[in-house]
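Undergrad: A single structure is presented below for examination.
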Amino acid sequence: MNTHPIAVVGASGYTGIELLRLLFAHPHAEIVAITSRSEVGKPLSSVLPRFRHLPGADIPFIAPDIDAIVDSGARTAFLALPHGMAAEYAVPLLERGLKVIDLSADFRLNDAAVYEEFYGHPHPAPQLLGEAVYGMPEIHGDAIKSARLIASPGCYPTSIILPLVPLLREGLIEASSIVVNSMSGVSGAGKKADVSLIFAEVNESLRAYGLPKHRHLSEIEQELSLAAGEKVTITFTPHLVPVTRGIHSTITASLAADFTAVSSCLQKAYGQAGFVRLLGEGQCADTAHVTRTNFVDLGWHHDTRTNRLILTSAEDNLTKGASGQAIQAFNMLHGFSTNDGLMNL
């Protein structure tokens with residue numbers, strides 16, 4: 001069977017581990033390099049015992065060295081690194097001929113000034129922003145197929161952009177009226193030591209954070225503006241909830257057309273999209289049905305009192321919101337089946 005050699009840079013974090021979980025089940029993926037600064041020389045199976053006895057799971061962690069990654073024979077590198085750090089690897093790996101799929105925020109924005117506004121420092125490689133493809137397969141599939149650099153979308157943005165883009169393209173909602181409330185599991189904050197994220201602080205707690213200008217607003221508003229053909233500014237309130245995985249977004253907007261057009265619009269956009277499940281009118285999305293999958297579920301209601309549309313979406317922040325979506329783009333990039341590596345529920 002034809003296999004494609006892959007490097008996972010930053011393989012010991014949550015998104016890196018999720019990449020490994022999915023790639024080990026991928027019929028065309030061969031993991032030839034995994035990196036971690038803290039685990040150099042240790043076999044994967046000793047650091048992450050969940051992978052014991054899987055073929056290839058004794059691969060040793062190596063230092064995140066460009067020459068070592070290239071010498072491994074990898075042809076595609078997944079960068080599961082923090083923003084600001086991923087660009088340091090993307091630039092030389094691209095120069096050495098690898099395809100790069102970046103799970104950080106480094107290449108999601110088209111405008112370096114917007115990046116600096118939201119992330120607090122100049123963009124580390126602005127020359128690549130015009131080339132990078134925003135890696136949402138349902139929206140930018142054609143561009144992904146010929147890309148050299150793919151910027152995999154954020155978890156919150158995926159749950160918001162997918163429901164709204166078709167409606168904005170068709171002019172069914174008022175772009176200026178969009179309000180979003182989202183809730184995320186704690187793994188969305190990454191694998192780091194932070195008192196605010198320890199069990200005793202998160203358990204039996206529900207709180208908003210990142211107000212009033214969460215970093216993900218930048219890519220959300222970018223993609224919504226492209227769909228609407230005008231600048232879109234939304235109100236977005238993220239919340240941390242005491243679960244490990246999952247994102248739920250509740251989106252409201254004033255209708256600019258008859259509510260009956262909503263179902264046909266979403267069906268037209270996603271009726272053949274394998275990983276978008278349309279629950280239908282009167283149904284609510286539930287994270288219990290999407291965790292550890294690459295599906296995003298969408299439901300919608302009409303509030304007749306206010307003539308506002310209510311959309312609900314649910315996804316797994318580590319899968320469809322990160323690693324699964326990156327592999328979905330990888331499959332499109334290399335001509336594999338969309339489902340490869342993503343149907344092991």
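The values are calculated or read from the model by the stated rules, or taken from the named source; none is laboratory data. Note that this is a predicted model, so its numbers are computed, not measured. FYI the Cβ positions are ideal-geometry reconstructions off the backbone, even for glycines, and counts take in every protein chain you see.
Undergrad: Can you give me the ranges of the strands (runs of 3 or more DSSP E) entirely in segment 1-81 with at least 1 residues that are more than 14 Å from Val100 (Cα to Cα) and in contact with a Leu (Cβ under 7 Å, 6 or more places away or on another chain)?
TA: 29-35
Undergrad: If a residue has to be among the hydrophobic types (A, V, I, L, M, F, W, C) and either crowded, with 22+ Cβ neighbours inside 10 Å or within 23 Å of Ile66 (Cβ to Cβ) (or both) to count, how many in segment 99-114 make the cut?
TA: Residues that pass the stated criteria total 6.
Undergrad: In segment 280-314, what residues are among the β-branched types (Val, Ile, Thr), under 21 Å from Glu138 (Cα atoms) and either free of Cβ contacts under 8 Å to residues at least 24 places away in the same chain or in a helix (DSSP H, G or I) (or both)?
TA: The answer is Thr287, and nothing else.
Undergrad: When you go through Gly171, Gly120 one by one, which is the residue that is modelled with pLDDT under 95 and surrounded by fewer than 16 Cβ atoms within 10 Å (Cβ to Cβ)?
TA: Gly120
Undergrad: Out of segment 132-143, which residues are part of a helix (DSSP H, G or I) and either of a type in the set (Gly, Ala, Ser) or in contact with a Leu (Cβ under 6 Å, 6 or more places away or on another chain) (or both)?
TA: Gly141, Ala143
Undergrad: Any residue in segment 47-65 that's of a type in the set (Phe, Trp, Tyr): show its pairings with residues that are exposed (fewer than 13 other Cβ atoms within 10 Å of the Cβ) at Cβ separation under 7 Å, as long as the two are six or more apart or on different chains.
TA: Listed pairs, sorted by first residue: Phe61/Gly41.
Undergrad: So in segment 248-279, with the set limited to residues that are part of a loop (DSSP other than H, G, I, E, B) and in contact with a helix residue (DSSP H, G or I) (Cβ under 7 Å, 6 or more places away or on another chain), which one is nearest to Asn344 (Cα to Cα)?
TA: Result: Phe275.
Undergrad: From (1) crowded, with 22+ Cβ neighbours inside 10 Å; (2) touching a Pro at 6+ places or on another chain (Cβ under 8 Å), pick out the condition that doesn't hold for Ser72.
TA: Every listed condition holds for Ser72 apart from (1).
Undergrad: Taking Glu201 as meeting all but one of (1) of a type in the set (D, E, K, R); (2) at pLDDT 95 or above; (3) surrounded by 14 or more Cβ atoms within 10 Å (Cβ to Cβ), write down the number of the exception.
TA: (2)
Undergrad: Take segment 199-240 and flag every residue that is free of Cβ contacts under 8 Å to residues at least 12 places away in the same chain and within 19 Å of Leu318 (Cβ to Cβ).
TA: Phe199
Undergrad: Looking at (1) at pLDDT 95 or above; (2) under 21 Å from Gly341 (Cα atoms), which is the one condition that is false for Ala105?
TA: Of (1) at pLDDT 95 or above; (2) under 21 Å from Gly341 (Cα atoms), only one is false for Ala105: (2).
Undergrad: Taking Pro82, is it within 20 Å of Glu18 (Cβ to Cβ), surrounded by fewer than 21 Cβ atoms within 10 Å (Cβ to Cβ) and not aromatic (Phe, Trp, Tyr)?
TA: So Pro82 fits the description; yes.
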